[in-house]
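The values are calculated or read from the model by the stated rules, or taken from the named source; none is laboratory data. Not measured: the values here are computed from a predicted model. A quick note on method: Cβ atoms are made from the backbone with ideal geometry, for glycine too, and the neighbour counts reach across all protein chains shown.
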Amino acid sequence: MSVTPAEFLDLAERLGAGDVTEILLRTAANRAYYAAYHTGLAAVDRTEYDKRGNLKFHARLIASLAAGDERQRRIGTALKKGRSLRALADYEISAPFDRNHFTRLLGFARNIARYAQDA
């Protein structure tokens, strides 16, 4: 069975809904970011992506999108902003992560989904 970026985004929205704990917000943020990541991966020019094989996956995708057309650049810019929030959620566990952080990342993910549909 496979999943889609839209399913990641739906799960993020459900996990982050209502009065939830910080760990659920962090988990929801992670799922929102991966919805955005996989949407970006589907939108990228594979030639640009392959040229950047020396970079790690996330940086490679963002750099490849930045080299693309206007829609791809918009996706890449939003993904880059979301990536920093996802890193806060996943790696900086002693730092506070609140609803505002989650809402911002979810907004980036929703924008990326919208930009991808504008193709």
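A few comments on the model shown:
- Checklist (1) part of a helix (DSSP H, G or I); (2) modelled with pLDDT of 95 or more; (3) more than 15 Å from the chain's Cα centre (by Cα) applied to Thr39, failing item: (3)
- Taking the criterion of being polar (S, T, N, Q) and part of a helix (DSSP H, G or I), the residues of the range 68-119 that qualify are Gln72, Thr77, Ser84, Asn100, Thr103, Asn111, Gln117.
- Any hit, the range 97-107, residues being of a type in the set (Asp, Glu), out of contact with any strand residue (DSSP E or B) (no Cβ under 8 Å at 6 or more places or on another chain) and free of Cβ contacts under 8 Å to residues at least 60 places away in the same chain: no
- Taken over the range 32-84, the criterion of being of a type in the set (Lys, Arg), in contact with a Lys or Arg (Cβ under 9 Å, 6 or more places away or on another chain) and under 17 Å from Arg104 (Cα atoms) is satisfied by Lys81 alone.
- Residues (surrounded by fewer than 16 Cβ atoms within 10 Å (Cβ to Cβ) and outside any helix (DSSP H, G or I)) located in the range 53-67: Gly53, Asn54, Leu55, Lys56
- Criterion (closer than 23 Å to Gln117 by Cβ, modelled with pLDDT under 95 and among the acidic types (Asp, Glu)) met by exactly one of Asp19, Asp69, Asp10, Asp50: Asp69
- Against the test of being free of Cβ contacts under 8 Å to residues at least 40 places away in the same chain, in contact with a helix residue (DSSP H, G or I) (Cβ under 6 Å, 6 or more places away or on another chain) and hydrophobic (A, V, I, L, M, F, W, C), the options Leu85, Leu79, Leu11 yield a single qualifying residue, Leu11.
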